[in-house]
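Each remark here refers to the structure printed beneath this line.
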Amino acid sequence: MEIITEAEYRKLIGKTAGRAFLFFGEEDYLKAYDIKATREQVCPDPSFAVFNDITLDAIDFTADKLLDAMTPPPMMADERLILVRGLDFTTIKTAELDALIEALALLSEYDYNTVILHAAAGMLDEGYLPKKPGTVLKKLSEVATPVQFPVSTPARLTAWAGKHFQHLGVTVSPADCSFLISFAGKSMYLLASEIEKIAYYVLANGRSIATTEDIRLCAVAANDMDAFALSNAILAGKTDEALGVLGVMKFERIEPVIILGELSRTLCDMQATRLYLDVGKSVKEIAALFKCHEYKAGLLVKAVSRVSHARLVRAVSLCAEADFALKRSSGDYAALEKLICSL
């Protein structure tokens with residue numbers, strides 16, 4: 001099985017038609033960057049984006065919908081981009097995986113398409129690479145080229161941060177870039193947001209060089225920004241922290257319905273885990289019931305060990321109310337903010 005690097009994929013941009021790629025690994029920022037670069041190459045005219053730039057979200061995804069998107073020729077262009085995002089490959093059913101593989105196997109008949117499967121961090125069991133890839137990864141590699149996006153090394157992040165500051169017109173020493181990473185974390189999404197804040201603050205004060213003091217003043221200390229972290233913050237009653245997590249998700253432009261879907265699923269898993277613990281199930285038994293790895297089950301057990309079942313039931317009920325409110329609204333984040341503030 002051949003796995004290519006993110007740098008190798010970038011060299012292929014412009015020559016991806018007729019191929020499928022599986023983006024996996026921890027660094028979601030670079031995945032988004034490469035998807036944007038591919039989109040600009042494949043579908044440069046936004047007026048035809050509805051025909052040539054198609055996104056299929058996990059919330060209503062089926063292999064048949066992918067095939068329907070692949071079949072028609074592109075409109076007023078030579079190529080089309082199809083992005084499949086949000087699928088949880090750690091829990092995908094065998095029949096659904098087989099159907100997806102069958103659809104992708106037909107790509108050679110519709111070779112004007114570039115298909116990207118976006119597996120968010122933690123949504124694919126990588127196995128023990130490079131010798132023992134996970135089962136799903138190995139199966140998907142038969143029809144899609146895996147592109148790995150590992151967590152960037154501190155040295156690489158330091159160099160990237162310096163260039164990002166420079167692009168915004170601000171100079172920062174390597175030592176201060178390194179301090180920013182140790183202070184704000186290794187998520188490139190978060191770092192990009194923090195770099196912009198620091199740069200705008202420095203420029204607004206008539207300077208072009210940022211210091212450690214500027215970083216301490218403007219940046220926010222590291223925190224894991226995902227549905228699991230959001231769930232934990234909500235259940236712990238840490239409203240400010242939960243709103244902070246949601247703020248990062250807004251910055252990442254994650255659709256409210258996707259956030260609520262992930263949050264609801266995580267809270268439902270937590271509620272079930274609490275019930276299993278209450279009747280004496282072990283981590284190994286819970287993993288078997290969820291059909292997941294013991295590591296993931298262990299995270300759930302740790303998360304709910306000090307949370308009552310009643311609180312989890314209330315959280316799930318509030319998710320249902322938020323879902324109803326979201327469907328009646330214009331699709332903004334107000335329903336999620338109300339949910340966070342209600343617990």
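Okay, here's what the table says:
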quantity: Calculated diffusion of the range 200-343, Stokes-Einstein form, Kirkwood radius summed over Cα pairs, 37 °C and 0.692 mPa s, µm²/s; calculated: 194
quantity: Accessible surface of the range 98-170 [probe 1.4 Å, protein heavy atoms]: carbon and sulfur percent; calculated: 54
quantity: Kirkwood hydrodynamic radius (C-alpha pairs) into Stokes-Einstein, the chain, 4 °C and 1.567 mPa s, D in µm²/s; calculated: 59
quantity: Ranked order, ASP332, ASP68 - accessible area, probe 1.4 Å, largest first; calculated: ASP68, ASP332
quantity: For the range 86-211, the fraction of alpha-carbon pairs in successive 10 Å shells from zero, as %; calculated: 11, 31, 20, 20, 15, 3, 0
quantity: Surface share of carbon and sulfur [accessible, 1.4 angstrom probe, percent] for the range 1-76; calculated: 56
quantity: Accessible area per residue, Å², the chain with all protein chains present, probe 1.4 Å; calculated: 52
quantity: Carbon/sulfur fraction of accessible area - the range 265-343, other protein chains in place, 1.4 Å, %; calculated: 56
quantity: The range 174-314, relative contact order [Cα under 8 Å, separation at least 6], %; calculated: 19
quantity: For LYS138, net neighbour charge (Lys/Arg +1, Asp/Glu -1) across residues whose Cβ lies under 15 Å away; calculated: -2
quantity: Calculated [θ] (222 nm, deg cm²/dmol) that DSSP helices of n ≥ 4 give over the chain, each run adding -39,500 (n - 2.57); calculated: -17000 deg cm²/dmol
quantity: Normalised alpha carbon radius of gyration of the range 1-83 [divisor 2.2 N^0.38 Å]; calculated: 1.12
quantity: Residue with peak Gaussian network fluctuation, the chain [Cα springs, cutoff 10 Å], from ILE35, ILE54, ILE209; calculated: ILE209
quantity: Cα-based equivalent ellipsoid of the range 140-283: semi-axis lengths in Å, sorted from largest, via gyration tensor; calculated: 35, 20, 14
quantity: For TYR112, net neighbour charge (Lys/Arg +1, Asp/Glu -1) across residues whose Cβ lies under 9 Å away; calculated: -2
quantity: Cα convex hull of the range 67-126, projected area averaged across orientations, nm²; calculated: 4.6
quantity: Members of LYS15/LYS138; LYS36/LYS138; LYS132/LYS250; LYS138/LYS291 lying beyond 30 Å, as alpha-carbon distances in this model show; calculated: LYS132/LYS250
quantity: Relative contact order %, the chain, counting alpha carbon pairs below 8 Å whose residues are six or more apart; calculated: 16
quantity: Counting DSSP beta bridges with both ends in the range 69-172, the antiparallel % (nearest 5); calculated: 25
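The values are calculated or read from the model by the stated rules, or taken from the named source; none is laboratory data. Please read these numbers as outputs of a predicted model, since none were measured by experiment. Using ideal geometry, Cβ is built from the backbone for each residue, glycine included, and neighbour counts are taken over all protein chains shown. The protein model used for the area step is the full one, side chains on, heavy atoms only, and it has no ligands, DNA or RNA in it. Shrake-Rupley method; radii C 1.70, N 1.55, O 1.52, S 1.80 Å.
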